[in-house]
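Got a structure here, written out as structure tokens. Questions coming.
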Amino acid sequence: MAALRSDTENLHPGPFGTVTGHAVSLGTTALVTLAGLAIAGHGTIANIGLLYLLPVLVAATRYGLRTGIVTSLVCSLAYNFFFIPPTHTFTIEDPQNIVGVMVLLGVAIVASKLASHARGQALIARASAAQSAMLAGFARQLTGISTMDALAQMLCRTIGELLDGDTVLLVRDEGTIAVAASLPEGFRPDPIDIAAASLAFERNRPAGLGSDMGGASEWLFQPVGTGERVIAVFGIARQDAAMPLAQERRPLLESLLDQAGLALERIALEQEMAGLAQVRERDRLRHALLSSVSHDLRTPLTTILGTLGAMRAADGEQAQQLATTRSEAARLHRFVDNLLDMARIEAGALDRRIEAVDLSEAVAAAVDDMARTLGGQAVMVEIAPDLPLVMVDPQLFHHCLINLIDNAVKHGGPTPVAVRATRAGNALVLAVEDEGPGIPPGDERRIFETFARIEGSDRKGGTGLGLAIVKGFAEAMGLGVEAANRGGGPGASLRIRFEPAQLKELPEG
């Protein structure tokens, strides 16, 4: 990086050259003059002025065009003073000597310009090679970084040392702009800097001092990202409040930030993939647990239910205890069935057998199977006899109805549960409604998620499996499910929607 800075400085020397260059040029001119005097001591040499092209070429090649032109003038004067009669004066008596001096000066200037141009091209090539090597090394460093903090610190340190300025990397954190890293450490942006950085974030363009969106900030903020996505904003400034960056150095900064943007995108994708892998592993373990528990409990529960069904009470007290035991065993059996059904849904192992089913008969069968759970609680069924048949899998649909009614009984309180089927244009909607507290706005979809419990509503108890199973079974049959609060009073309304393709009209007569 030091070599890159040195080459850039050599491409842009001072307006009058450098002191070192002029000193070396004068010394070279003096040596050539001494050499010419030594040669002239052995006789008159007509072309001795050509010796003065050597210091001109050296000066132009090493120190630039300005130093070369100054050396050309000095060499012409030295040639005139020491070798053109009358010597040791600047007077020229012979017109031919005037032409010689002018030709020497012209040749020296042209040679100086050519040598300076060759020097400039060499320095440009060297600076370009150094910049390419630096960018390649920067890219190699980025490939070994796997965290946002490490990348931010490396970016601020590297660019700060290269461009000789204070640097900062800003990111968005929960709607606010935060400092990820800075050089020197401990930088805290003021409101003016925050405003400029926000512009860079929002418009994906440079903002601050030296940009089209200047403002009052002393920082130049450059967006960092890929394409239209801005991941962070990089800032650079100088302690003397001067222009943060020369125009010719903008491409270098942009190249560095482009590579940093790709690295930031890679880190973000790696973090997302790691999170996705954790979710997949969690789902795999959950599925294995559900499958194991449900299978291990199913057989002993079936035996318990069979034994309880065969038992007869000796008196009224035993009859009440036996009824309670049977009800709780049946509830546990439904819970285990729900676990097994959820394992089947997540494994994609549902077998569907679609056939025409009468809604009234399906609802009556579900209510009959839940007689013990209902315990005398009223279930009002409002299904018109002229409604069409629905094309569903009878077993899956039966499980959906049981879970919907059980959910309404569990969370709706002692009030009656209503099961209604109504026309909705060409479609048909089956709704199970209760009179509980209802569903908080915005949670209508979330109650169908696995293990979802909605606080502040009538959906905060239970295992959270029943409605997830309803959604899984309904979608497996091509049905839609939705949840809403009742329009005419308190409570929730959970609905299954049958589209026209899933209806079979009854024959007339």
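The values are calculated or read from the model by the stated rules, or taken from the named source; none is laboratory data. Computed from a prediction, not measured in an experiment: that's the story for all the values here. All Cβ positions, even for glycine, are placed from backbone atoms using ideal geometry, and neighbour counts span all protein chains on display. Calculation scope for accessible area: heavy atoms of the full protein, side chains included, ligands and nucleic acids excluded. Shrake-Rupley method; radii C 1.70, N 1.55, O 1.52, S 1.80 Å.
Share of segment 396-444's accessible area from carbon and sulfur, percent, 1.4 Å?
After summing per-atom areas, the C and S share lands at 54 percent.
Leaving ligands, DNA and RNA out of it, rank Arg352, Arg445 by accessible area with a 1.4 Å probe, largest first.
Listed by decreasing accessible area, they come as Arg445, Arg352.
With the dipole of segment 206-341 worked out from charges on the C-beta (+1 for Lys and Arg, -1 for Asp and Glu) around the Cα centre, which of Pro223, Pro251, Met311 lies farthest toward the positive end?
So the residue we want is Met311.
Related question: So, with a 1.4 angstrom probe, what is the percent of accessible area on segment 155-256 that is carbon and sulfur?
Ligands and nucleic acids excluded, carbon and sulfur give 46 percent.
Given the peptides 303-312, 434-443, arrange them by the average over their residues of other C-beta atoms within 10 Å, most packed first.
434-443, 303-312
Sorting Met213, Met273, Met380 by accessible area (1.4 Å probe), largest first, what list results?
Largest to smallest exposure gives the sequence Met273, Met380, Met213.
Ignoring ligands, DNA and RNA, what accessible area per residue does segment 129-278 give at 1.4 Å, in Å²?
Ligands and nucleic acids excluded, the figure is 50 Å² per residue.
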